[in-house]
Amino acid sequence: MQKKLNYLLIPLLLVLGYLVLIYKLPKYSGQYIFMVLLFLADLYLWSSVRKQIFSYRKWLKLAVSFIYWLPLILVIGLMAVSVFVPIIDWNDQFRTFLLGFILVFYAAKILPVVFLFLADIVRVIDKIFVLFKKEERKKIEEKEGITRSKFLQYLGFISGGLVLGTMFTGMFKWVYQFKVHHQKIKLEKLPEGFEGMKIVQISDLHLGSWNLTEPLEQAVSMINDVNPDLILFTGDLVNFSTKEAFRFEETLSKLKAKNGVYAVLGNHDYGDYVKWPNDAAKEKNLSDLIKFFDRLGWKPLRNENEVFETESGKLALIGVENWGASPRFPKYGDIDIAMKGTEDADVRLLMTHDPSHWGDIIIPDNYEIDLSMSGHTHGFQFGIETPGVKWSPAQWMYKEWAGLYQDERTGRFLYVNRGLGVIGYPGRIGILPEITVFELTT
């Protein structure tokens, strides 16, 4: 009877979970199937863990069981509480750590699940292809000391522990290990008056994920030490709502550049990841963001441009609203409107949050943009970057995902900043937070 109730309860909870997610966080509802698969993998791994702790003392067995299922308990609790208290009203630091804890522990279970699956395959093969008599097999196993399937299970548990340790290190150390990337960009038509111009690009601050203000103070100091001519922010100031940014106003207002600080909006800045009580509330959230930029002294470019002029020529800075190739992201950017008034500029720079805009629109339609600057990908916050190796899961989703790219036909450039902040997993492994310093030259 109890088993029958469990079989009914689990599907009911899954359906309720989906309804809550689509009501409170509709933008994330498409990921629910992935969450269900994680839950099934959780059950699969538990079947092995339960056998391992079978002989433990009762209190220890309960402790291990509680720790194992704690991430799922937190997911259920998070979704239940969000019904009554919108997630945007939660404390930012608490929300960041909670989501990070859940993600880290589920990520640590992935490799054990893989190794357990391989162990089960080995076990099935051994049963199908019995090459020796039982007595002989027993002697072989005693001589080996451990079966292949057991070895794979233990390897899975060890790898899970290593992943757990690495991800916690990424959360508390590498997440604030800012790296400055220097890029010298050669532009043939660059007017003499802009020779050596220094531009700092930062992107994807995601201020709702910062637990401390001190690291951001350090990043601001590093940027100001460059003594830039321009500072460009390429979108995603916040995660869910503008109020996440307010506690960092004093810090960000310290950013200074000779020719000003400019910004464009990213997909998270529009408030699309929250279920607002009405359209007016969502509109106010965006209005508050623009006012916040004004208080900082940053100039937002919303399908607009700014033309800088010297005696030798003109340089146009163009900024578009978010435009993403994926249907999950808004297409508010209008490059035609944004470029009006830049016809006689010698060089054009573009700020566009999503790098797919460059590959899908700017290059195919032959827009005369010499250098485009994007962010958005974060380099997946995980990968390997060495002199001989550049790899990240981000490359499976984006053709241009980190660093400098050049179109072979036109010679035009795209730079994808790895982001200064984080979202989802509140840490970084291999792909460090980035401050980009461009030097323009001919």
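Remark: pairs (first residue in the stretch 270-299, touching a residue at least 40 places away in the same chain (Cβ under 8 Å) and more than 13 Å from L237 (Cβ to Cβ); second residue loosely packed, with under 12 Cβ neighbours inside 10 Å and among the polar types (S, T, N, Q); Cβ separation under 9 Å; 6+ apart in sequence or on different chains) are absent. Of all residues in the stretch 192-206, those that are more than 16 Å from L237 (Cβ to Cβ) have Cβ atoms under 6 Å from Cβ atoms of residues that are acidic (D, E), 6 or more apart or on another chain, in M197/D229; K198/D229; K198/E439.
When the stretch 155-203 is filtered for residues that are part of a strand (DSSP E or B) and in contact with a helix residue (DSSP H, G or I) (Cβ under 8 Å, 6 or more places away or on another chain), the ones remaining, listed by number, are V180, V200, I202. For the stretch 79-104, which positions are hydrophobic (A, V, I, L, M, F, W, C), in a helix (DSSP H, G or I) and free of Cβ contacts under 8 Å to residues at least 24 places away in the same chain? Scanning the stretch 79-104 gives V81, F84, F94. Going by the structure shown, is V264 in contact (Cβ under 8 Å) with a residue 60 or more places away in the chain and in contact with an Asp or Glu (Cβ under 8 Å, 6 or more places away or on another chain)? Yes: the conditions hold for V264. If you check L255 against the conditions, is it under 19 Å from the mean Cα position of the chain (by Cα), under 27 Å from N305 (Cα atoms), of a type in the set (A, V, I, L, M) and assigned by TED's automatic domain parsing to the domain that holds Y415? Taking the combined requirement at face value, the residue does not satisfy it. Out of all the residues in the stretch 327-346, which are over 25 Å from D272 (Cα atoms) and either touching a helix residue (DSSP H, G or I) at 6+ places or on another chain (Cβ under 7 Å) or small (G, A, S) (or both)? Across the stretch 327-346, the qualifying residues are G341, A345.
The number of residues in the stretch 162-177 being modelled with pLDDT of 95 or more and surrounded by fewer than 17 Cβ atoms within 10 Å (Cβ to Cβ) comes to 1.
Looking across the stretch 309-329, just one residue is under 16 Å from G266 (Cα atoms), touching a residue at least 40 places away in the same chain (Cβ under 8 Å) and surrounded by fewer than 18 Cβ atoms within 10 Å (Cβ to Cβ), and that is R328.
Matching residues to (1) in the same structural domain as W90 (by TED's automatic domain parsing); (2) surrounded by 15 or more Cβ atoms within 10 Å (Cβ to Cβ):
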position: L155; (1), (2): yes, yes
position: G160; (1), (2): yes, yes
position: Q183; (1), (2): no, yes
position: K186; (1), (2): no, no
position: K189; (1), (2): no, no
position: W210; (1), (2): no, yes
position: E214; (1), (2): no, no
position: N227; (1), (2): no, no
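Of H353, H378, all but one fail to be of a type outside the set (V, I, T), buried (at least 19 other Cβ atoms within 10 Å of the Cβ) and on the phi > 0 side of the Ramachandran plot; the exception is H378.
What about E368, is it in the same structural domain as P191 (by TED's automatic domain parsing) and under 23 Å from V307 (Cβ atoms)? Spelling it out, E368 is indeed in the same structural domain as P191 (by TED's automatic domain parsing) and under 23 Å from V307 (Cβ atoms). Give the stretch 330-344 a look and list any residue that's buried (at least 18 other Cβ atoms within 10 Å of the Cβ) and within 20 Å of E188 (Cβ to Cβ), or say none. Answer for the stretch 330-344, where residues must be buried (at least 18 other Cβ atoms within 10 Å of the Cβ) and within 20 Å of E188 (Cβ to Cβ): M339, T342.
The values are calculated or read from the model by the stated rules, or taken from the named source; none is laboratory data. Please read all numbers here as calculations on a predicted model, not as lab measurements. Ideal geometry is used to build each Cβ from the backbone, glycine not excepted, and the neighbour counts take in all protein chains shown.
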